[in-house]
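What follows is a short report on a single structure.
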Amino acid sequence: MPNEQAPSENGDLRRRILDTTRHLLVQEGFQSLSMRKIARAIDYSATSIYLYFDSKDALLHALIDEGMDRLYKKLKEEAEKYPEDSVARLEALCTCFVEFGLDNPEYYEIMFLLHPEHMERYPAEKYRRARRNLDVIAATLAEGDEKGVFDVEDTRVSASTVWASLHGAVSLLLAERIDVRIDREEFIETTIQHTINGFMTPTARSSPVSETAS
């Protein structure tokens, strides 16, 4: 008989619900997901799940929010390593984004690739938190523009194009749609370098010296 609630010795039930939901979403899709299916997978009653989440939409929102927060913390950590060098920081941010996607395929699919036909509107406060990821990239581009190493007209649009380029690479790699003759690391490095070079001024692009060394 399924458990009705989470005894302390069974650990964090909320964590188990989220982890199980993440696996089921990727394996079976949003439309086939149900509270009863999640409950069976964790051997608890559906009532126990409703103590934490009032719908499967709320579960999906929580997983997106959690993934976005994990990504933001990693991006922020990388950005802080290069306080004076915008070019090195942007490269580190690009590398961090790609590594996050490849290291966390389930989160990445739920954050960026899952497209439910019917889902409640993503809460505004969660959307604002998710937008911090683009803000880190936008701030780096803006700083580089001020220093004359980047040529950027609209930092938010430009940050979105950085994301689009990296997202394309990660999506192809996760789907294993890259020609087997192409070296994986070379593909990632080339994607990142082309992304960065697209914003660099001619002077900065031709200079082998970093900002901090100048």
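All of the numbers you see were taken from the coordinates with simple rules; none came from a lab. This one's a predicted model, so the numbers in the text were calculated from it and none came from an experiment. Here the Cβ positions follow ideal geometry from the backbone for every residue, glycine too, while neighbour counts run over all protein chains shown.
Between Ser32 and Ala88, what FRET efficiency follows from the Cβ-Cβ distance if R0 is 45 Å, with the result rounded to 0.05? All intermediate terms of the calculation are to be shown ahead of the outcome.
Numbers: r = 45 Å, r/R0 = 1.00.
Working from the Cβ atoms, E equals 0.50.
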- For the stretch 97-149, what size does the Cα cloud have along each of its three principal axes, sorted from largest down, in whole Å? 45, 27, 15
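Based on DSSP H runs of at least 4 residues, each adding -39500 (n - 2.57), what is the mean residue ellipticity at 222 nm of the chain after dividing by all its residues, to the nearest 500 deg cm²/dmol? Show your work: numbers first, answer last.
Values: 10 runs with 138 residues, N = 214.
Taking each H run of at least 4 residues, the total per residue is -20500 deg cm²/dmol.
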- Item | Normalised convex hull volume, the chain, alpha-carbon set, Å³ per residue | 152
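Take the residue pairs Lys81/Lys126; Lys73/Lys126; Lys81/Lys147; Lys74/Lys126; Lys74/Lys147; Lys76/Lys147 and return only those whose Cα atoms are more than 23 Å apart.
On the way: Lys81/Lys126 27 Å; Lys73/Lys126 15 Å; Lys81/Lys147 18 Å; Lys74/Lys126 18 Å; Lys74/Lys147 25 Å; Lys76/Lys147 21 Å.
From Lys81/Lys126; Lys73/Lys126; Lys81/Lys147; Lys74/Lys126; Lys74/Lys147; Lys76/Lys147, over 23 Å: Lys81/Lys126; Lys74/Lys147.
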- Relative to the longest principal axis of the C-alpha atoms of the chain, give the angle of the C-alpha long axis of helix 184-197, reported between 0 and 90° and rounded to the nearest 10°. 60
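Return the Rg/Rh ratio of the stretch 91-199 with Cα-based radii and a Kirkwood Rh.
Numbers: Rg = 15.2 Å, Rh = 15.2 Å.
Radius of gyration relative to Kirkwood radius: 1.00.
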- Which peptide among 15-21, 120-126, 176-182 comes first, and what is the full order, when sorted by highest mean count of other Cβ atoms within 10 Å? 15-21, 120-126, 176-182
- Query: Which whole-number percent gives the relative contact order of the chain, counting Cα pairs below 8 Å spaced six or more residues apart?
  - Reply: 21
- Task: Could I have the simple spin-label model distance between Glu99 and Arg70, label points 7 Å from Cα toward Cβ, reported in nm to one decimal?
- Result: 1.5
- Task: Amide H neighbours of Tyr44 under 5 Å, at least 5 residues apart or on other chains, H built in the peptide plane: list them.
- Result: Asn3
- Query: Ordered by packing density, taken as the mean number of other Cβ atoms within 10 Å over each peptide's residues, highest first, how do 137-145, 24-32, 95-103 rank?
  - Reply: 137-145, 95-103, 24-32
- Enumerate the calculated ³J(HN,Hα) couplings along the stretch 102-108 in order (Karplus 6.51 cos²θ - 1.76 cosθ + 1.60, θ = phi - 60°), each rounded to whole Hz, writing x wherever the residue is Gly or Pro. 6, 7, 10, x, 5, 4, 4
- Message: Compute the helix-to-body angle for 13-28: its Cα long axis versus the longest principal axis of the chain, expressed 0 to 90° and rounded to tens.
- Response: 70
